[in-house]
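Q: Take a look at the following structure, please.
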Amino acid sequence: MFKIAVMVSGGGSNLQSIIDKSKNGELNCEIACVIGDRPCYGVERAAEHGIESCVIDRKVYKKELCKEIDKVLSTKGVELIVLAGFLSIIDEEFVNKWKGRIINIHPSLLPKFGGPGMYGIKVHEAVLAAGEKESGCTVHYVDTGVDSGEIILQVKVPVLEGDTPEVLQKRVLVEEHKLLPNSIAKIISERQ
Ligand code: GRF
């Protein structure tokens, strides 16, 4: 079975979409572990589903965060690392070691509305402020830049009259929950 690790910092609804699709057989992978860089509901979700999980606290490990994460991942036979709402920046050493095996989901149509500081509700605020007619989400490989790696899959959603950042965020999130499992499935099928 193709082994993945999922890294989270927040609610973990994208993690939940992977859990659900691997449980119902739509996604043929095993979540070997879930790592949080802070205590969060994403880590609790993993525990609720009997998935091995741990918090490697960014406040404790600071510059050593990626080294500690690498230590855990290296013992698990992980083939793909999925950043699902993971807010710490992954350092260059880690990216180079796991090159081509780290993916991230971002709530915009990259390369638009990506880069440093573009996360969470700020992305949707920026999309509305720019008067965009469409937004969406992107799954991409992680390179040493921020939100700059090769795009794997992307899906569009309309921006509608009267949208608030929160309403747009919800519309995009619905699509994220399909796009992330689909992207993992695509990578699995390419590598088998
Ligand atoms: C998602 O919008 C994702 O695109 C972004 O962070 C959010 C995480 O949401 N990277 P959740 O923790 O999966 O609910």
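Q: Please identify the GluC sites (Glu not before Pro) of segment 15-78 that satisfy two criteria: DSSP loop assignment and at most 12 other Cβ atoms within 10 Å. Which are they?
A: Hits after loop and neighbour filter: Glu26.
Q: Still on this structure, I have one more. Could you work out how far helix 165-191 tilts from the main Cα principal axis of the chain, as a 0 to 90 degree angle to the nearest 10?
A: 40 degrees
Q: Here's something else I'd like to know. Rounded to the nearest 0.05, what FRET efficiency do Lys59 and Glu166 give with R0 = 25 Å and r taken as the Cβ-Cβ distance? Could you check?
A: 0.35
Q: What is the gain in length, in nm to one decimal, between Glu30 and His49 on full extension, counting 0.36 nm per residue of separation less the C-alpha to C-alpha distance?
A: That pair, Glu30 and His49, stretches by 5.6 nm at full extension.
Q: Past 32 Å, Cα to Cα: identify those pairs from Lys62/Lys186; Lys67/Lys186; Lys21/Lys99; Lys23/Lys156; Lys23/Lys71; Lys63/Lys122, in the order given.
A: Pairs exceeding the cut-off: Lys62/Lys186.
Q: With everything on Cα atoms, drop me the angle between helix 65-74 and the longest principal axis of the chain, reported from 0 to 90° to the nearest 10.
A: 60 degrees
Q: So what is the orientation-averaged projected area of the chain, using the convex hull of its C-alpha atoms, in nm²?
A: 10.3 nm²
Q: Using only the alpha-carbon atoms, how far is helix 13-23 inclined from the longest principal axis of the chain? Give it as 0 to 90 degrees, nearest 10.
A: 60 degrees
Q: Under a cut-off of 17 Å between alpha-carbon atoms, report the aspartates and glutamates in cross-link reach of Lys3, not counting same-chain residues fewer than 8 places apart.
A: Asp20, Glu26, Glu30, Glu52, Asp70, Glu79, Glu190
Q: Any chance you could check the Cα centroid distance between segment 104-174 and segment 1-62 for me, in angstrom?
A: 22 Å
Q: Pairs of Cα atoms under 8 Å, at least six residues apart: use those to get the relative contact order of the chain, whole percent. Kindly include the intermediate steps, with their values, before the conclusion.
A: On the way: 352 pairs, mean separation 38.4, N = 192.
Relative contact order, the chain: 20 percent.
Here, each number is a calculation from the coordinates, and none is a lab measurement. Quick caveat, the model's predicted, so the values are computed rather than measured. Reconstructed Cβ throughout: ideal geometry from the backbone, glycine too, with neighbour counts over all protein chains shown.
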